[in-house]
Structure formats: C-alpha cells, structure tokens
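**Student:** Structure incoming, see below.
The values are calculated or read from the model by the stated rules, or taken from the named source; none is laboratory data. Because the structure is predicted, anything quoted here is derived from the model rather than measured. Cβ coordinates were reconstructed from backbone atoms using ideal geometry, including for glycine residues, and neighbour counts include every protein chain displayed. Remember, those area values only see protein heavy atoms, side chains included, never the ligands or the DNA or RNA. Shrake-Rupley method; radii C 1.70, N 1.55, O 1.52, S 1.80 Å.
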Amino acid sequence: MGLPLPAVAAPFSGAFRAALPALIAAVGQPRGRTLPNEPSRSRAPGHSGTFVGHRPYAPGDDLRRIDWAAYARSGELHVKRFEQEERRAATLLLDLSPRLLCGSPQRRLAQLRLAAVLGGAMLRHLDALAVVAPGGPPNALFAGVAAQEGLLLHLERLPVVAAPAAAALPLLCQRGVPQRVYWLGDFAGLDAVAPVLAAVRRRGGSVTGILPALASDLQPPVLGYQRIVDPETGASHAVVVDQAMAEAVASELAAHARAQALLFAQSGCRWLRWPVPAADDLQTAPYRGLAVLGGG
C-alpha cells in the first residue's frame, strides 16, 4: 500500500521575507579558518606567485604542479602550492531528498530558510555565493546584496529529488574546489557522505555540515499502532510499537547522531545540529552567531 508524499511547504512567506533582514544581521559576518601551510584564509593556492608549501596530490590535480624532486625524496606525490589573491566565496550544498519532507516543522522548510539566511549573510560579506543541489538544476552563482531575491527564487524552485551524496563532488569541483562549503541535509547515509568529505579535504577545501535538527530526531516513537511511511516511495507498513521497540528505536537514533558527529570530526570538518524553530517562529535567536561556522 502506498501513501502520497507530504506536500512541499512554501518556504518564504511574506512574514519570513519581512523578517529576513533581521535574521541575516543576526548571523553576522561569515569567516573561515587558516589551513595548514597557508598564511591566511585571504590567500589560496594558485598557479603562480610565491611558493608556500605542498599538499598531497589528489586525482584531477594539474600534473604540471607535481614536485618531482619531492617525490624523489619521499616516494609520495605532492603538488606545489602558491599564493594568489582568492576571490572570497562560499558554497551552499543542499540535499533535495524526499526524506526532508518529513518532520514537524518540515525539515525541508527549515533547510531552505536556513539556506536563505546563511546565503544572505554571504551575499552581504563575501564576493560570491554558489548554490549546488545534486539532482536539481545547474549550479547557480550569486553576487552582491541585490542578488538576494534571485537566491530566494532559486531556492523555492528547487525540486524534490533523490540523488546520491557522491553526485555532489563533481558539481562542487566544476569551478575548482570551493574553499568553504556549507552542506545542509539530513546526512542519513553516512557511508556515502564520508568519501565526499574526504575528497574535498584532500583538495584543500573545508566543509561545515549542518543538520536542521528536529526534536523528533531523538525521541522514541509513541506506543501503540504506528504507520511507517517511506518518504522516498510513499510505501507504508503498520507496526505495533511496544516499550522494548520504542527504547530500541531511541537507542538507534542516539547512536546515529553520535556517528554523524564522529564522522565529521574524524574528517576534520565542522558539524552542527541546528535546532529547528517552529514554522511561525521568526525570532533571530536561532540564527545568531552562525557565522562562526565559516571554516571546516
């Protein structure tokens, strides 16, 4: 038996748009971090300029930048890194999975609103913002405060589509590896997330994972008859939830939350479970200080 998927909630009501400037101001100025062998985050490796060190070779690197003398000494491939002025930019990586239609408030609603607020802060303080959504339209690039409305239109037109996490990597690398990636999603399949984190880090980028977290993520199911629905297919199944099952589900949810945090820590990336406010809660408190997550 199949059930229809939940309706997609309209993310940007008139009230949200009216509150958006204050929410963006609450975020503050996004900032990054200093990478190894890099004097500051205002600098990035280039093809010319002052030599600043090496990093391990990664598939896809320009072979002309391999330091063969270093290879002769160590037996390991490294590429040379140079200084050049970096165009300060950030990338929002969004999960379009039907899984995000679940929850109350809907996780997709929270994700898109958070993307609008973080994106607005980036348009205010950085030179450019890229929006990458595997399975969705081509990568979109925005620049300047005047692009805020275009960003909102792009976000609210994104489809609901299942795409593997691995599809993110080639999209992220279309214009070279982005230095700052904010990845918004539910991170359900950690085995698929890990290779993307590792690949971006190997190429010198940073990732900040943000899960719009619902109270129900860690709560045991209600006792009694429950209908379980697969949000990607609409298939459903009725089950009886007793105390033992409820405790087992709560334990699994907690273990998954710990595994998410551990994966990002082991990958050298930042991780945040962002508590989702109620759909009609447009206070600035949930967004205050998110700019400190600028680096992975």
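**Student:** Which of the numbered conditions does L5 fail, given that it passes all the others? Conditions: (1) at pLDDT below 85; (2) more than 30 Å from A235 (Cα to Cα); (3) open to solvent by 10 Å² or more (accessible area, probe 1.4 Å).
**Tutor:** (2)
**Student:** Further question on the same structure: Would a scan of the range 227-244 turn up a residue that is closer than 30 Å to A140 by Cβ, assigned to a helix (DSSP H, G or I) and out of contact with any helix residue (DSSP H, G or I) (no Cβ under 8 Å at 6 or more places or on another chain)?
**Tutor:** No: the range 227-244 contains no residue that is closer than 30 Å to A140 by Cβ, assigned to a helix (DSSP H, G or I) and out of contact with any helix residue (DSSP H, G or I) (no Cβ under 8 Å at 6 or more places or on another chain).
**Student:** If you check every pair at least six apart or on different chains, which have Cβ atoms under 7 Å apart with a residue in the range 17-29 that is within 16 Å of P277 (Cα to Cα) first and a residue that is surrounded by 13 or more Cβ atoms within 10 Å (Cβ to Cβ) and of a type in the set (G, A, S) second?
**Tutor:** Every condition considered, the pairs that remain are L20/A116; L20/G120; I24/G120; I24/A121; V27/A121; V27/A291.
**Student:** Would you pick out the residues in the range 73-93 that are touching a Gly at 6+ places or on another chain (Cβ under 7 Å) and modelled with pLDDT of 60 or more? Show your work before the answer.
**Tutor:** First, the residues of the range 73-93 that are touching a Gly at 6+ places or on another chain (Cβ under 7 Å): 81-84, 92.
Result: R81, L92.
**Student:** Of all residues in the range 185-203, which are part of a loop (DSSP other than H, G, I, E, B), of a type in the set (G, A, S) and open to solvent by 20 Å² or more (accessible area, probe 1.4 Å)? Explain how you work it out, then say what you get.
**Tutor:** To start, the set of residues in the range 185-203 that are part of a loop (DSSP other than H, G, I, E, B) comprises 185-189, 203.
When the remaining residues are screened for being of a type in the set (G, A, S), the result is 185, 188-189.
The answer is A188, G189.
**Student:** Out of L171, L197, which single residue is more than 21 Å from V79 (Cβ to Cβ) and touching a strand residue (DSSP E or B) at 6+ places or on another chain (Cβ under 9 Å)?
**Tutor:** Working: L197 fails: more than 21 Å from V79 (Cβ to Cβ).
After ruling out the rest, the residue left standing is L171.
**Student:** Residue check: is A167 within 11 Å of L93 (Cβ to Cβ), open to solvent by 30 Å² or more (accessible area, probe 1.4 Å) and over 13 Å from the mean Cα position of the chain (by Cα)? Spell out the reasoning first.
**Tutor:** On the way: within 11 Å of L93 (Cβ to Cβ): yes; open to solvent by 30 Å² or more (accessible area, probe 1.4 Å): yes; over 13 Å from the mean Cα position of the chain (by Cα): yes.
Answer is yes for this residue.
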